[in-house]
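I have placed the structure first, in the form of structure tokens, so that the comments after it can refer back to it.
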Amino acid sequence: MAICRRGDCLVLSGKGFGGFVVSRRGLAVPVTYLILFGSLLVLVSVAYGFAVARLRVEGAAFGVAVARRNMQALDDAVRLVAWNIGASRTVYMEDCGGIFQTEPNAGTLVLRLADGGVSTLVFNGSVGRVLYALSALHESMEGTFVRGDGRALVGFGGSTQSQLFFARNGSVQQFVLRYRPAATVLASSIRDGKAYNIIRIYIISLNKTQPLTLGGGFNLKVSAAKVASTVHSFTFEGTVSLLALEAVYDGFEARVWLPIECTLEGAIVNVEVYICHVVFQVVSS
């Protein structure tokens, strides 16, 4: 048997080998293709992963945009019908990928009228709220206000009563709509020698609506069911110029100083609390 080297090939001659020619490149070509194919698979997998992640982010952002549009339209409807008994508006809530919920027993509100170190309770109860649970939203937006701010009490006509903001419940982010009270002081008159003042507090309450849990798109009817009121009367024999209205609303606190007219005989202050009950109902159209 003879072995001859010819370029890149080994030629083996002899009876035992039958004159076969063995190439060194014969195995190198398939191995190269395997390496390229494996690298291509890795690149495709990485690109697919990025594409899926991007689609999820874009899908979540689109869902938030739809939820924001829905809740702003709902807030507009609530403010439009509030204080007009029997008035109603229907809002179409588009599918945003989240779960819509009404929570009539949420939102505990406590209001006190304070004169120096003495405070008197004028309201204590739940006023309800509505929300979207956005489980697909991974980027934290907790504490972001779309309408209103974190104050638990505002002056009537100054700032909106609406509070539309992002919150968190465990691992699920929520887009919440609720209403804070507003207060104002009316012009005074004289009664029994004392200045007569009226403090009016306006509360939009959602706690008379039915608990709802809804997904997809649906029509929601917004109605002003009734207006209730209570009156608290206070008499001050001495001089008083300011009274503090203090609010605690689900952990948020606020204080508004209200100017009071007073004569040498003192002052009478009536605190009138007006509560407008707004309810939601799912309708076909």
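The values are calculated or read from the model by the stated rules, or taken from the named source; none is laboratory data. Owing to the predicted nature of the structure, the values given are computational and were not obtained by experimental measurement. Here the Cβ positions follow ideal geometry from the backbone for every residue, glycine too, while neighbour counts run over all protein chains shown.
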Output for region 118-153, where each listed residue is of a type in the set (G, A, S) and in contact with a helix residue (DSSP H, G or I) (Cβ under 9 Å, 6 or more places away or on another chain): A136
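Between L134, L111, which is among the aliphatic types (A, V, I, L, M), closer than 22 Å to A182 by Cα and buried (at least 16 other Cβ atoms within 10 Å of the Cβ)?
On the way: L134 fails: closer than 22 Å to A182 by Cα.
Result of the check over L134, L111: L111.
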Does V222 satisfy the condition of being over 15 Å from F123 (Cβ atoms), aliphatic (A, V, I, L, M) and modelled with pLDDT of 95 or more? yes
Exception for S188 within (1) surrounded by fewer than 19 Cβ atoms within 10 Å (Cβ to Cβ); (2) more than 17 Å from the chain's Cα centre (by Cα); (3) among the small types (G, A, S) falls at (1)
Looking at region 224-250, which of its residues are in contact (Cβ under 8 Å) with a residue 60 or more places away in the chain and either more than 13 Å from N197 (Cα to Cα) or polar (S, T, N, Q) (or both)? A224, A225, K226, V227, T230, A244, L245, E246, A247, V248, Y249, D250
Scanning region 184-218 for residues that are in a strand (DSSP E or B) and among the small types (G, A, S) gives A187, S188, S189, A195, S205
Which members of region 151-173 meet the condition of being touching a Leu at 6+ places or on another chain (Cβ under 9 Å), in a strand (DSSP E or B) and among the hydrophobic types (A, V, I, L, M, F, W, C)? L164, F165, F166, A167, V172
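Please verify whether K221 is basic (K, R), farther than 14 Å from P181 by Cα and assigned to a strand (DSSP E or B), treating the condition exactly as stated.
Values: basic (K, R): yes; farther than 14 Å from P181 by Cα: yes; assigned to a strand (DSSP E or B): yes.
For K221, the condition - basic (K, R), farther than 14 Å from P181 by Cα and assigned to a strand (DSSP E or B) - is met.
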Given (1) closer than 20 Å to S88 by Cβ; (2) over 18 Å from the mean Cα position of the chain (by Cα), index of the condition L212 fails: (2)
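In this structure, does I199 turn out to be touching a Phe, Trp or Tyr at 6+ places or on another chain (Cβ under 8 Å) and crowded, with 21+ Cβ neighbours inside 10 Å? Steps first, answer last, please.
Numbers: touching a Phe, Trp or Tyr at 6+ places or on another chain (Cβ under 8 Å): no; crowded, with 21+ Cβ neighbours inside 10 Å: yes.
Judged against the criteria, I199 is not a match.
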Can you give me the number of residues within region 137-153 that are farther than 20 Å from C96 by Cα and surrounded by fewer than 21 Cβ atoms within 10 Å (Cβ to Cβ)? 5
For V176, only one of the following conditions fails: (1) in a strand (DSSP E or B); (2) in contact (Cβ under 8 Å) with a residue 12 or more places away in the chain; (3) more than 19 Å from the chain's Cα centre (by Cα). What is its number? (3)
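Taking the condition polar (S, T, N, Q) and buried (at least 20 other Cβ atoms within 10 Å of the Cβ), does Q161 pass?
Values: polar (S, T, N, Q): yes; buried (at least 20 other Cβ atoms within 10 Å of the Cβ): yes.
Considered against the rule, which asks whether it is polar (S, T, N, Q) and buried (at least 20 other Cβ atoms within 10 Å of the Cβ), Q161 comes out as yes.
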Could you check V240 against (1) in a loop (DSSP other than H, G, I, E, B); (2) surrounded by 14 or more Cβ atoms within 10 Å (Cβ to Cβ); (3) modelled with pLDDT of 95 or more and say which number it fails? (3)
Answer with yes or no whether A182 is of a type outside the set (S, T, Y), within 14 Å of E246 (Cα to Cα), touching a strand residue (DSSP E or B) at 6+ places or on another chain (Cβ under 8 Å) and at pLDDT 90 or above. yes
What pairs come up if the first residue lies in region 263-285 and is at positive phi, the second is surrounded by 15 or more Cβ atoms within 10 Å (Cβ to Cβ), and their beta carbons are under 9 Å apart, counting only those six or more places apart or on different chains? G266/K194; G266/A195; G266/F236; G266/V240
So which residues in region 121-135 are more than 24 Å from K226 (Cβ to Cβ) and in contact with a Ser or Thr (Cβ under 7 Å, 6 or more places away or on another chain)? none
